[in-house]
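Scroll down for the structure; my scribbles are underneath it.
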Amino acid sequence: MLKNNDAEIDRFARILQYAIVGIAVAMGIFHIYTAFFGVLTAVWQRGIHLGAGISLAALISAQKSKSWFVRILQIVIVLITIGVVSYFFIEFHGLIRRFGQPNQRDVIIGSILIVLTLDFTRRRAGNVLPGIAVFFLIYAFIGPYLPGMFWHRGYGFARVVNQISLSTEGIFGIPLGVSANYIFLFVLFGTILEASGIGQFYIDLAVKLVGRTAGGPAKAAVVASTFFGSVSGSAVANVAGTGSVTIPLMKSIGYKPAFAGAAEAVASTGGQFMPPLMGASAFIMAEILGIPYVRVAGGALIPALVFYGAVFSMIHFRSWAVGLTGTDTSKMAKVSQMLLRQGIYLLPVLMLVYFLVIARISIMKAAVYAVIATILIGFFFSKTTLREFITAFEKGAKTALVVIAATACAGIVVAIINLTGLGIRFSTIVLAAAGGNLLLVLIFLMLASILIGMGLPTTPAYLILAVLGAPALIRMGVEPLGAHMFVFYFGSLSMITPPVALAVYAASTIAGSDFWETAWIAMQLGLSAFIVPYMFVYNPAMLGYGTIGQILVTSGTAIVGAVVVGAGLAGWLYVRAALYERAILIFCGFLLMQPGGVTNAVGFVGVVLVLTSQVLRKRRLGLATAKEKLSDPVRSPEPASSEQ
């Protein structure tokens, strides 16, 4: 009897697998079609997007479970979800007429949608975000009983449900809209890149370019993680994707497991703010600010280069300091041969950059063209099969579930913050506590951003910070892009900031290293990222504001300064640095990163003095070594010739 029951379970699991693949492929086709021919009305487009995500997650849970009760429950959830989404289609015009005055049926459907969203988020993104959402839901009702800045007049059940579920201010707000219109396509783009073998080509190219240099595998991790992190927007997913290749490579040439894991975690985290894609948050930032996405990506470029310049230089100089070499790439084809044979694999990314930056077509169409190009290249050049493409569509839909859940659930939090006016009051309290001092405001928001970001995916962390923290900076005269980028950076950096540090946790698991040791090294490698946001707040030229000359000078000195700071922290510039030389390098690097004629001049002079001292010291050491060889008692000197 037991065997028959197991057979029935397996048969049902196979049926569910067909349903999962069907929904995943349908989601991909739906998003490609609407991106190319035009999206539906906001509630319809976002409703289908969310409904498909909830249904897919429920079917996955049913497939994994061996309990018939759980399986039936998940099927019921799918049917309820279909009913709720259908209601927004059938009653669309009625909801518009009743806007602000929902009837009892509207409130019931809206309440069910909230419960479905919370449960969906719990499954795909963990308990932290839905817990925060529930806290804010309770806050919406108990405001009259709270003191100080947390007081508000309180709202009825129907008003709260209307704000969250029956308008585009909550679950169906901008965040879910960005997920439905843009993010899903780029997630699909990433999974098709991987399935077609193009993603592996990028990793191989990175290894071949820098693999033979000192610390080559770690540098390859930085380069490869830049590619993948920019597309995925998830530091943890990036660690899992590239870290499985780069971390063993780093360990193979002598890197300690903790350093290998830390290098991958930091590089993967940096991918979240590396143009051209920057994951999901950049699209949401552009929508909130009402500016072109290209402007957000362009503003992020110089800070990202400073960050990666520091990380890359620290890896390079540290490798010299501990005598680590590169990896053997002699068995790999030459770069010229790789480009000649597989150079067309670069076309999808180049097309994406061209369409976004030069042609300036819509983000959705640029993504569709990149997806189609990847499919064609995979089919004709890497011989990717139809089954592999279907698997890529399935993986893309499953990967996107985290973003769909996070953006929908974050919409609940944003709706309550806007309804109660908490965001404005929070900004007022922060400004008052800091006494109008911009530096103190920045420090307060840095700590708040890191705290809120802990345990949350980057996208919902940024969304909450965008409505709580960014307005305070804007009220103090900070450029809106700089204010949003500031909280976005520190929300992202929670991925490498203990005690949570999800990217470090993932990397240390792969590396087999101690979490706390790995986190400490990651903090050192990512030190520049904790400084860069202050730089672009005080000097908007780093975000592309100002004349071309100002932007070039600022970016140049900042990148040089980041490299110098990396040298100081690693303890090596031309030769091993003495303690006082390390202090000078770190200090002068910060001076170079801070724009200004005097600070830059002092920074350059300090670096030149240290470099000169090290060159002379190495020359003295070289002469001393030569003298030792001449007087080597083990080997006799060569006999002089008779002619001499």
Taking the Cβ-Cβ separation of PHE69 and ALA433 as r and a Förster radius of 56 Å, what is the calculated FRET efficiency to the nearest 0.05? 0.60
Considering only ALA392, VAL296, ILE183, whose Cα is most displaced toward the positive end of the charge dipole of the chain, charges sitting on Cβ of Lys, Arg (+1) and Asp, Glu (-1)? ALA392
Provide the per-residue ³J(HN,Hα) series for the stretch 199-204, in order, calculated from phi with Karplus coefficients 6.51, -1.76, 1.60 and θ = phi - 60°, each as a whole number of Hz, with x at glycine and proline positions. x, 5, 4, 5, 5, 4
Roughly how tilted is helix 502-511, in degrees to the nearest 10 and between 0 and 90, from the longest Cα axis of the chain? 60 degrees
Under the Karplus curve 6.51 cos²θ - 1.76 cosθ + 1.60, θ = phi - 60°, whole-Hz ³J(HN,Hα) for the stretch 306-316, x wherever Gly or Pro sits: 5, 4, 5, x, 5, 5, 4, 5, 5, 5, 4
If R0 = 56 Å, then ILE358 and ARG620, at their Cβ-Cβ distance, give a FRET efficiency to the nearest 0.05 of 0.60
Sort CYS588, CYS409 so that the residue with the fewest other Cβ atoms within 10 Å of its own Cβ comes first and the one with the most comes last. CYS588, CYS409
Order the peptides 79-89, 463-473 from the highest to the lowest mean number of other Cβ atoms within 10 Å of their residues. 463-473, 79-89
Could you check the simple spin-label distance between LYS331 and ARG212, using points 7 Å along Cα→Cβ, in nm with one decimal? 1.6 nm
Here the gain from full extension of ALA42 to ASN127, 0.36 nm per residue of separation minus their alpha-carbon distance, amounts to 27.8 nm
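Placing +1 at every Lys and Arg Cβ and -1 at every Asp and Glu Cβ, with all other atoms neutral, what dipole size does the chain have around its Cα centre, in debye to the nearest 20? Kindly include the intermediate steps, with their values, before the conclusion.
Values: 42 positive and 22 negative charges, 62 e Å.
Value, rounded to 20: 300 debye.
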Residues listed by number, the stretch 371-405, amide nitrogen under 20 Å from GLN200 label point at 7 Å toward C-beta: 374-396
Just to verify a number: FRET efficiency for ALA601 and GLN550, C-beta to C-beta distance, R0 = 22 Å, to 0.05? 0.85
Test of understanding: what is the full-extension gain from LEU79 to TYR538, defined as 0.36 nm times their sequence separation minus their Cα-Cα distance? 159.9 nm
Once both labels are modelled 7 Å past Cα along the beta-carbon direction, what's the ILE443-PHE92 spacing in nm? 5.3 nm
Bin width 10 Å, origin at 0, all Cα-Cα pairs of the chain: what percent of pairs per bin? 3, 14, 23, 25, 17, 9, 4, 2, 1, 0, 0, 0
With a 10 Å Cβ neighbour count serving as the proxy for reagent exposure, in which order, fewest first, do ASP204, ASP328 appear? ASP328, ASP204
Reduced to Cα centres, the span from the stretch 273-339 to the stretch 548-603 in Å works out to 20 Å
Rounding to the nearest 10 and keeping the result within 0 to 90°, find how far the Cα-based axis of helix 458-468 lies from the longest principal axis of the chain. 70 degrees
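Could you list VAL610, VAL311, VAL322 so that the one with the fewest beta carbons within 10 Å of its beta carbon is first and the one with the most is last? Mind dumping the intermediate values first?
Values: VAL610 24, VAL311 28, VAL322 15.
Exposure proxy ranking, most exposed first: VAL322, VAL610, VAL311.
Before rounding to the nearest 500, sum -39500 (n - 2.57) across all DSSP H runs of length at least 4 in the chain and divide by the residue total; then give [θ] at 222 nm in deg cm²/dmol. Walk me through the intermediate numbers first.
On the way: 30 runs with 484 residues, N = 644.
Mean residue ellipticity at 222 nm (helix-derived): -25000 deg cm²/dmol.
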At each listed q (0.21 Å⁻¹), what is the log10 of I(q)/I(0) that the Debye formula gives for the stretch 541-624 modelled as equal alpha-carbon point scatterers? -0.87
Ordering of 161-168, 22-29 by packing [mean C-beta count within 10 Å, highest first]: 161-168, 22-29
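Just so you know, all these numbers are worked out from the coordinates, no wet-lab data involved. These figures come from a predicted structure and were not determined experimentally. Cβ atoms come from the backbone with ideal geometry, glycine included; neighbour counts cover every protein chain shown.
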